[in-house]
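**Q** Starting off with a structure, shown below.
The values are calculated or read from the model by the stated rules, or taken from the named source; none is laboratory data. Bear in mind that the values here come from a model prediction, so they are computed numbers and not experimental data. Cβ sites come from the backbone with ideal geometry, for glycine too, and all protein chains shown count toward neighbours.
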Amino acid sequence: MGAGVTVNLENVWIKFGDFVAVREANVNIKGGDFFSFLGPSGCGKTTILRAVSGFLDPSEGRVLIGGKDMAGIGPNKRPTALIFQNLALFPLMKIWENITFSMEVAGASAGDRRKRADELLDMIALSGQGDKFPSELSGGQKQRVAIARALCAEPDVLLLDEPLSALDLKLRQHMRTELREIQQRVGISFIYITHDQGEALTMSDSVAVMRAGIIDQIAGGHEIYDHPATPFVASFVGENNVFRGKLQSVNGNEAVIRTNRSGDLLAQITPTAVGKMKAGDDAMMFVRPEALALGEASPDSKTTISANVLNEEFEGNSYSVFLEGDGGKQIKMSLPNLGQDRESSKGSSLALHYDASTAVVMPAGELASE
Amino acid sequence: MSPKVISRLALGAYLLIFFGYLLGPLVVMSLTAFNSSGFPSVSPWACFTFEWFDVLFKDQRILNGIKNSIIIGIGTVIVSIAIGLSAALVLTQVWPKLRTTYYTIIIAPILIPGVVLGISTIVFWDRVSRLLGPSTDALFHNGIFLTILGQSTFIASYAMLIFVARLARFDPGLTEAALDLGATHTQAFRKILLPFMRPAIASAAVLAFLASFENYNTTTFTFGNYPTLTIELAQKVRYGINPSISSLAFIIVVLTVFGALAFEAYRRNTGNKERAKEGKAAPKSGGILPGFLRGNPAAVVLVLLCFTVITAVGTAQSYSPEQCKMDVRAAKQLEIDLRIEALEEKRRLRELGKTHEGPDIFGTPEVESEDKAPSSSGAFGDVFKDLEQGD
């Protein structure tokens, strides 16, 4: 990996009139990192990207690229290149002209541009297609052209605004791998915007999860999945069963929560909340569907939930089992498909067991709306 | 007859009437250009002739009018496109709440009568020239300058409407992408927006030129010493016209048809090529027609039209209707002689009646009918009778 350039957001606020799009964002992106902003649509992640690329100025705070304050520097002077959500390829230019547009405006000769375009076309596996127009390419090919066009400008930071959202599933998965490879080859910092947690988790070194203008958590993908900092992160990233209630007792980094309908349950306190929670607080406990397993019914256990199977769905690599606990509590469990014949357990009563280290408890808060 | 046939017939009749109404006047006018009769008319048909084209091309005032119209047209195109394009661009940038108001103000000149625009143009620039002193008189009272500005006031609004429609389909992301890749605002405008606007600029230019060329009511106040074609034609009508005007109309009609066919032929040709490229319709090989004409009726008609025009111009060089004209003149002379004779006969009979000193009850029936008919049929008595017959 080459030496990338750091990007820092220092206490950035972005307001449109009375509407606060981004609230107090503090982000430090290391050079050469693949950094993702993950959040539902309208959470302000694209706004942050536009502030980094220079299309809008933060209302407060500073954007630093490579340690340099970017205030007052326009998008055409910043060492960033943006890949737009709709790609924004120039429809009236041929592919090679599109790719080398940054050289054209810098005054490079047609011969040089052609040569560079051919190199980049080789890199994105589109050799010989330079004389086509964007409308003659498929979605995935356009995608690659947009990446080549941005890389041709030799930016220190590449910004990507949901570039894969328009592609079909197979292509999207393929492009994920390809993007990661390109990033490792060129060694520059990538800032990636997405609402797809799968994309964020597979590609990124670090992920920032955003909710309504606020950054809830910045951490590696594993950390975000296993130790979500807020109920929003827990419910937005991956699937989770949520149990509401009040804390019964706290013991170091473990706590017992008296849930509203499922009795007392034991869980780990999420790292950011250790030492900040006490008995009697409103709390939420999360258990992933794949962390639940079938166990022995024992009323005294604090890691067992009893429930009736309502329905079962086959999803290829796994079965999703939908259960109903005491008081109508909806619970989802995921069982791997191991190939053997399985009898539907519909209607039967089960005891669900989990390991306390896989359940997290945290102060109650807003959930991601489905 | 089944209802289907009836509705077909009705539709056919409707189309016939519709196109007759649209194109009939043009056809009649074109025909009058080839009649040697001194007044534009189709019947009575005298002789087939090209002489009115000669008259037209020797008419200095018409030629001068065409020249002025073209100069003013080009000037108007330049001014209107520049103003219209910038107005449309401002519309996309202006604060959303102001947009409706701004739009109304910008298209207002279309709603104002051309006469008002003409008068206000001369009044305004007269004031400006007084304000700036006599050295500017020559410019601000110049007919070409005033006409270009006067016409541009409303033609720019038309141009703006075309640009606004095209701009609505522009993705501002493209400009942002260009900026992001290091282009300056000027480069982004020149390399991204302008090429996108090119088709709209072309159609706005054609529209502006035509609107300027045919404008009368604004120009009539502003033309000064540079009368345009419409002004010259209007003045000609006032002093009596001859079919050279029809021949000009015919030329304009032919040019219009020519332009429309050329455009259609071009459009179809590129369309065919694209389809061939996509492999939807394999290019037809063989056949006697060259590639450009294949599957392109407009191009075929265009080529035929060219041949017709060339043949007609060639024939016109050698064709001379002198013999026919002499025949017509002789026939007319004969008719006039006959009529004079009849009149003299009538007068003689009347004088004869006077000498009898009594009601002419024995008058010949032919004479009586000739005498009575005009007095009973026309409110203007006999005044127009001689005119009609003298033609």
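**Q** I'm checking my understanding of the structure. Among residues of the stretch A:171-202 that are under 25 Å from A:Gly67 (Cα atoms) and small (Gly, Ala, Ser), which one is modelled with the highest pLDDT?
**A** Here the answer is A:Ser189.
**Q** I'd like to verify a number: residues in the stretch A:303-329 that are touching a residue at least 40 places away in the same chain (Cβ under 8 Å) and of a type outside the set (A, V, I, L, M), how many?
**A** First, pick out the residues of the stretch A:303-329 that are touching a residue at least 40 places away in the same chain (Cβ under 8 Å): A:303-309, A:325-329.
Of the ones still in play, those that are also of a type outside the set (A, V, I, L, M) are A:303-304, A:306, A:308, A:325-329.
So the count comes out to 9.
**Q** Taking the stretch A:65-92, which residues are crowded, with 16+ Cβ neighbours inside 10 Å, touching a residue at least 40 places away in the same chain (Cβ under 8 Å) and more than 13 Å from every other protein chain (Cβ to nearest Cβ)?
**A** A:Ile65
**Q** Quick test for you: out of A:Ser345, A:Ser349, A:Ser369, A:Ser334, pick the one residue that is within 25 Å of A:Pro40 (Cβ to Cβ) and modelled with pLDDT under 85. Full working, then the answer.
**A** Numbers: A:Ser345 fails: within 25 Å of A:Pro40 (Cβ to Cβ); A:Ser349 fails: within 25 Å of A:Pro40 (Cβ to Cβ); A:Ser334 fails: modelled with pLDDT under 85.
Every option except A:Ser369 fails the conditions.
**Q** Can you tell me which residues in the stretch A:9-55 are acidic (Asp, Glu) and farther than 23 Å from A:Ile182 by Cα? Explain how you work it out, then say what you get.
**A** Just the residues of the stretch A:9-55 that are acidic (Asp, Glu), to begin with: A:10, A:18, A:24, A:33.
Correct list: A:Glu10, A:Asp18, A:Glu24.
**Q** May I pose another question? Output the residues belonging to the stretch A:118-132 that are under 23 Å from A:Arg176 (Cα atoms) and touching a residue at least 12 places away in the same chain (Cβ under 8 Å). Break it down stepwise before answering.
**A** Start the filter on the stretch A:118-132 by keeping residues that are under 23 Å from A:Arg176 (Cα atoms), which leaves A:119-127, A:129.
A:Leu120, A:Leu121, A:Met123, A:Ile124, A:Ala125, A:Leu126, A:Gln129 - these are the residues of the stretch A:118-132 that are under 23 Å from A:Arg176 (Cα atoms) and touching a residue at least 12 places away in the same chain (Cβ under 8 Å).
**Q** Let me ask you something else. Being hydroxyl-bearing (Ser, Thr, Tyr), more than 18 Å from the chain's Cα centre (by Cα) and away from chain B (no Cβ under 14 Å) is the filter here, so list the residues in the stretch A:34-64 that pass it. Before you say what the answer is, go through the steps one by one.
**A** Applying the first criterion (hydroxyl-bearing (Ser, Thr, Tyr)) to the stretch A:34-64 yields A:36, A:41, A:46-47, A:53, A:59.
Right, trim to more than 18 Å from the chain's Cα centre (by Cα) and you get A:53, A:59.
If the condition is that a residue be hydroxyl-bearing (Ser, Thr, Tyr), more than 18 Å from the chain's Cα centre (by Cα) and away from chain B (no Cβ under 14 Å), then A:Ser59 is the only one that fits.
**Q** Suppose the filter is in a helix (DSSP H, G or I) and over 19 Å from B:Gly84 (Cα atoms); does B:Phe124 pass it? Spell out how you get there, then give the answer.
**A** Numbers: in a helix (DSSP H, G or I): yes; over 19 Å from B:Gly84 (Cα atoms): yes.
Yes: the conditions hold for B:Phe124.
**Q** Which residue out of B:Ile241, B:Ile251, B:Ile245, B:Ile231 is under 15 Å from the mean Cα position of the chain (by Cα) and either farther than 24 Å from B:Val77 by Cα or within 14 Å of another protein chain (Cβ to nearest Cβ) (or both)? Quick ask: steps written out before the conclusion?
**A** Numbers: B:Ile241 fails: under 15 Å from the mean Cα position of the chain (by Cα); B:Ile251 fails: either farther than 24 Å from B:Val77 by Cα or within 14 Å of another protein chain (Cβ to nearest Cβ) (or both); B:Ile231 fails: either farther than 24 Å from B:Val77 by Cα or within 14 Å of another protein chain (Cβ to nearest Cβ) (or both).
One residue alone meets the criteria, B:Ile245.
**Q** Tell me, which residue of the stretch B:133-174 that is in a helix (DSSP H, G or I) and aromatic (Phe, Trp, Tyr) is nearest to B:Ile72 (Cα to Cα)? Walk me through how you get there before you give the answer.
**A** Initial filter on the stretch B:133-174 (in a helix (DSSP H, G or I)): B:134-140, B:143-167, B:172-174.
Pick out the ones that are also aromatic (Phe, Trp, Tyr) and you get B:140, B:145, B:154, B:158, B:163.
Values: B:Phe140: 15, B:Phe145: 8, B:Phe154: 15, B:Tyr158: 17, B:Phe163: 22 Å.
Of everything passing the filter in the stretch B:133-174, B:Phe145 is nearest to B:Ile72 (Cα to Cα).
**Q** I need a count of the residues in the stretch A:162-187 that are touching a residue at least 60 places away in the same chain (Cβ under 8 Å), surrounded by 17 or more Cβ atoms within 10 Å (Cβ to Cβ) and not in a helix (DSSP H, G or I).
**A** To start, the set of residues in the stretch A:162-187 that are touching a residue at least 60 places away in the same chain (Cβ under 8 Å) comprises A:162-163, A:165-166, A:180, A:183-184, A:186-187.
Add one more test, that the residue is surrounded by 17 or more Cβ atoms within 10 Å (Cβ to Cβ), and what stays is A:162-163, A:183, A:186.
When the remaining residues are screened for being not in a helix (DSSP H, G or I), the result is A:162-163.
Final tally of qualifying residues: 2.
**Q** Here's something else I'd like to know. Can you spot a residue in the stretch A:93-102 that is surrounded by fewer than 23 Cβ atoms within 10 Å (Cβ to Cβ), within 12 Å of another protein chain (Cβ to nearest Cβ) and farther than 26 Å from A:Asp216 by Cα?
**A** Yes, the stretch A:93-102 has at least one match.
**Q** Here is a check on your reading of the model: is A:Ser138 of a type in the set (S, T, N, Q), more than 22 Å from A:Phe16 (Cβ to Cβ) and touching a Leu at 6+ places or on another chain (Cβ under 7 Å)? Don't jump to the end; show me each part of the working.
**A** Working: of a type in the set (S, T, N, Q): yes; more than 22 Å from A:Phe16 (Cβ to Cβ): yes; touching a Leu at 6+ places or on another chain (Cβ under 7 Å): no.
When the stated conditions are applied, A:Ser138 does not pass them.
Quick grid of which residues meet (1) of a type outside the set (Gly, Ala, Ser); (2) surrounded by 22 or more Cβ atoms within 10 Å (Cβ to Cβ):
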site: A:Ile193; (1), (2): yes, yes
site: A:Gly198; (1), (2): no, no
site: A:Thr202; (1), (2): yes, no
site: A:Val207; (1), (2): yes, yes
site: A:Ile215; (1), (2): yes, yes
site: A:Glu223; (1), (2): yes, no
site: A:Ala234; (1), (2): no, yes
site: A:Gly238; (1), (2): no, no
site: A:Phe243; (1), (2): yes, yes
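**Q** Considering only residues of the stretch A:289-319 that are under 31 Å from the mean Cα position of the chain (by Cα) and of a type in the set (D, E, K, R), which is nearest to A:Val256 (Cα to Cα)?
**A** Among those that are under 31 Å from the mean Cα position of the chain (by Cα) and of a type in the set (D, E, K, R), it is A:Glu290.
**Q** Could I ask something else about it? Looking only at the stretch B:161-192, filter to residues that are buried (at least 17 other Cβ atoms within 10 Å of the Cβ) and in contact (Cβ under 8 Å) with a residue 24 or more places away in the chain; which one of those is farthest from the other protein chains (Cβ to nearest Cβ)?
**A** It comes out as B:Leu161.
**Q** Need at least 1 residues that are modelled with pLDDT of 80 or more per element, so show me which helices (runs of 4 or more DSSP H) inside the stretch B:285-391 make the cut, counting only ones lying wholly within it. Steps first, please.
**A** Details: elements: B:297-318, B:322-356, B:365-377, B:383-390.
Those helices (runs of 4 or more DSSP H) span B:297-318, B:322-356.
**Q** If B:Asp54 satisfies all but one of (1) in contact with a helix residue (DSSP H, G or I) (Cβ under 7 Å, 6 or more places away or on another chain); (2) more than 29 Å from B:Asp171 (Cα to Cα), what's the number of the condition it fails?
**A** (1)
**Q** Here are some residues: A:Ala291, A:Ala267. Which one is of a type in the set (Gly, Ala, Ser), surrounded by fewer than 20 Cβ atoms within 10 Å (Cβ to Cβ) and either under 18 Å from A:Gly347 (Cα atoms) or at pLDDT 85 or above (or both)?
**A** The match here is A:Ala291.
Table: residues versus (1) closer than 21 Å to B:Asn217 by Cβ; (2) not small (Gly, Ala, Ser).
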position	(1), (2)
B:Glu51	no, yes
B:Ile62	yes, yes
B:Ser80	yes, no
B:Thr92	no, yes
B:Trp95	no, yes
B:Ile105	no, yes
B:Leu111	yes, yes
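**Q** Ok, one more. Checking the conditions here, which among A:Gly107, A:Gly128 is of a type outside the set (A, V, I, L, M) and away from chain B (no Cβ under 14 Å)? Step through it out loud before you land on a result.
**A** On the way: A:Gly107 fails: away from chain B (no Cβ under 14 Å).
The match here is A:Gly128.
**Q** Hey, another quick one. List every residue pair whose Cβ atoms lie under 9 Å apart, where the two residues are 6 or more positions apart in sequence or sit on different chains, the first residue falls within the stretch B:96-113 and is farther than 15 Å from B:Ala156 by Cα, and the second residue, located anywhere, is of a type in the set (A, V, I, L, M, F, W, C) and part of a helix (DSSP H, G or I).
**A** These pairs meet every condition: B:Arg99/B:Leu91.
**Q** A further question on this structure: Taking only the stretch B:28-56 into account, find how many residues are part of a loop (DSSP other than H, G, I, E, B), farther than 16 Å from B:Ser320 by Cα and at pLDDT 80 or above. So that I can check it myself, show each step before the final result.
**A** First pass over the stretch B:28-56, keeping only residues part of a loop (DSSP other than H, G, I, E, B): B:33-34, B:36-47, B:49-50.
Of the ones still in play, those that are also farther than 16 Å from B:Ser320 by Cα are B:38-45.
Among the residues that remain, those that are also at pLDDT 80 or above are: none.
Of the residues in that region, 0 qualify.
**Q** Looking at A:Arg62, A:Arg114, which one is assigned to a strand (DSSP E or B), on the phi < 0 side of the Ramachandran plot and not hydrophobic (A, V, I, L, M, F, W, C)?
**A** Values: A:Arg114 fails: assigned to a strand (DSSP E or B).
The conditions single out A:Arg62.
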